[in-house]
1. Counting only Cα, what are the radius of gyration and maximum Cα-Cα distance Dmax of region 12-87, in Å?
2. Please give, to one decimal in nm, the separation of the simple spin-label points placed at residue 57 and residue 25, each 7 Å out from Cα toward the Cβ.
3. Modelling each spin label as a point 7 Å along the Cα-to-Cβ direction, I'd like the residue 96/residue 15 distance in nm, to one decimal.
Amino acid sequence: LFEHPGAVPLSLLGTMVYIVGIGTTATAVIMLFMQISDWRYEISTLIFILGLLVGAVTDVLSIGANIRGQFDLFNLDDCAYAIVYALFATAATVETMASFCRSLTTVPDSTRELLRQLDWESR
């Protein structure tokens, strides 16, 4: 009475599209990971990579649930997608705050030149 019918079965073409998409995502994550030179200053990139990895794992688990016929609304994969978007938002916020803090610590050359001239004229 309470058996769930199987979801729409994936065709061979659908499976290949998922394989190409997940493979492309994995390649992009690896290339982005190799670009990080200083972990302390690029924490937003690390959070973004974590979001991409959680998204890729969630895609694979979602495909498996679909094949097994256990694809329901508000499954674990739906919660994981919420986590992925939360990680993306966190990465964007951290990068915005970091760039704002970096802008406060750097003084443009024109300001330095102006300060030198004011100091010279006050003597």
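Values quoted throughout were computed directly from the atomic coordinates according to the rules given, and no laboratory measurement underlies them. These numbers were taken from a predicted model, which means no experiment stands behind them. When we count neighbours, we look across all protein chains shown, and the Cβ atoms used for this are built from the backbone with ideal geometry, even at glycine.
1. 14.4, 44
2. So the two model labels end up 1.2 nm from each other.
3. Between residue 96 and residue 15, the label points sit 4.3 nm apart.
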